[in-house]
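Enquirer: Sending over a structure as structure tokens; questions will come in a sec.
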Amino acid sequence: MAEGDPAAPYTDATRARLEMAFAAYELADLARAAVPIGEHELSPDGTTRSAGSTLADAAHVLGAARRFFEAAAVFERVGGADWQLVGDTLGVSAQAARNRFAVAEVCFREGSNGPRGEASWWRAYLADEPLEAARDLDEWVLRHGDGDSDPGPTPVSGGLVRRVRAV
């Protein structure tokens, strides 16, 4: 396997994997925030003091899960998976998979906003500073390690692959 040129840009698959890593980080942080029970969160009868806030938090987690799901599909597609494989993996037809994820793939390939028009500061950061973005994720992984395994000092940035320059 040829090694990438350190001066060359990262491969599309590497960028897609970094986007998926960010989506997973976002999802994990949002879900983690829902675990603690704040001292003043509950009324004396155990009900919420702030009606709708828990549901709103869950909606944010669901949105992050959707972005993670889309990023995983885009990563698979950029890596060469056809719509049939994506559909088979998800238990749907190839056409249903295409209908669900094609816009997200186009947005990734064009570097545009997400499929629902949401602006992605991460996509802009990743385009401008991919190694810095990966190092930010390295720090997050190391801060949130499970203690059972050693991910090494560069659990995200250490796996990045650059394009191979034609000779």
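Enquirer: Give me the number: length gained by fully extending E129 to S53, i.e. 0.36 nm times residue separation minus the C-alpha to C-alpha distance, one decimal in nm.
Expert: 23.8 nm
Enquirer: A further question follows. Skip the ligands, DNA and RNA, and give the accessible area per residue of the chain with a 1.4 Å probe, whole Å².
Expert: 63
Enquirer: Ok, one more. With label points built 7 Å along Cα→Cβ from the Cα atoms of W121 and V106, find their separation and express it in nm.
Expert: Going by the 7 Å Cα→Cβ label model, 2.8 nm.
Enquirer: Have a look at P151, A97, A21 and report the one farthest towards the positive end of the charge dipole of the chain, computed about the Cα centre with Cβ charges (Lys/Arg +1, Asp/Glu -1).
Expert: A97
Enquirer: Given [x] 1, 8, 13, 16, 17, 15, 13, 8, 5, 3, 1, 1, 0, 0, 0; [y] 2, 10, 20, 24, 23, 14, 6, 1, 0; [z] 1, 10, 19, 21, 17, 12, 8, 5, 3, 2, 0, which label gives P(r) over Cα pairs in 5 Å bins from 0, in percent as computed from the coordinates?
Expert: [x]
Enquirer: Here's a follow-up. Tally up the carbon and sulfur contribution to the accessible surface of region 47-141 as a whole percent, 1.4 Å probe, everything protein left in place.
Expert: Of all accessible area on region 47-141, carbon and sulfur atoms account for 58 percent.
Enquirer: For Y10, which sequence-distant residues (separation of 5 or more, or a different chain) have an amide H within less than 5 Å of its own amide H, given hydrogens modelled in the peptide plane?
Expert: Sorted by chain and number, the residues that satisfy this are R163.
Enquirer: Rank-order 34-42, 74-82 by packing density, defined as the average count of other C-beta atoms within 10 Å over each peptide's residues, highest first.
Expert: 74-82, 34-42
Enquirer: Please give the charge dipole size of the chain, origin at the Cα centre, charges +1 on K and R Cβ atoms and -1 on D and E Cβ atoms. Round to the nearest 20 debye.
Expert: In total the dipole reaches around 620 debye.
Enquirer: With the Cα gyration tensor of region 40-139 giving a ≥ b ≥ c as the square roots of its eigenvalues, does the rule (a/c under 1.5 for rounded; else a/b larger than b/c for prolate; else oblate) give rounded, prolate or oblate?
Expert: Here region 40-139 falls in the oblate category.
Enquirer: In whole percent, what relative contact order does region 64-142 give with Cα contacts below 8 Å and a gap of six or more residues?
Expert: 17
The values are calculated or read from the model by the stated rules, or taken from the named source; none is laboratory data. In this text the structure is predicted, and so the values were computed from the model without any measurement. In this analysis, Cβ positions are derived from the backbone assuming ideal geometry, glycine residues included, and neighbour counts consider all displayed protein chains. These area figures cover heavy atoms from the full protein model, side chains too; ligands, DNA and RNA do not enter into them. Shrake-Rupley method; radii C 1.70, N 1.55, O 1.52, S 1.80 Å.
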